[in-house]
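One structure is given below, encoded as structure tokens.
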Amino acid sequence: MAQARTTTATQSEARIGSGTRVHGRVSGEGDIIVEGHVEGEISVHGDLTIEQGASVTSDVDAHGVTISGSLEGDVNATGVVAIRAGARVRGDLRGAEVTLEEGAEFAGRLDSEFALPPELEGTPARR
């Protein structure tokens, strides 16, 4: 007997499957999971996940971005940008927090707000 899958009305998720190629603009209110290929522009209010084996050639605006596959383009996130081991990223990254796992490939600039630990903070000379 098949089991019904239950989702809440407030949770919205779209999946671009592994055999799918999208050319153009992708936008939405919820989360997007990319298992296939996207070329264009991605803008979502939720999170974007690029799975291992997926490729995205696009500038990205999203809440959070997790990359396990390949991304060529700039990322602007209001939340966390996570680049997993084995991922390949070429572009500039901006997020509240940016994490790169060992084994990830990254070429670009990082732009993130952070506080230095006290031992690394320089104290200005007083006059």
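Here, each number is a calculation from the coordinates, and none is a lab measurement. In this text, all values refer to a predicted model and were calculated from it rather than measured experimentally. Neighbour counts run over all protein chains shown; Cβ positions are idealised from the backbone, glycine included.
Some observations on this one:
- Among 54-61, 85-92, 21-28, the order from most to least packed when residues are scored by Cβ within 10 Å on average: 54-61, 85-92, 21-28
- Whether segment 13-107 is rounded, prolate or oblate, judged on the alpha carbon gyration tensor where a/c under 1.5 counts as rounded: oblate
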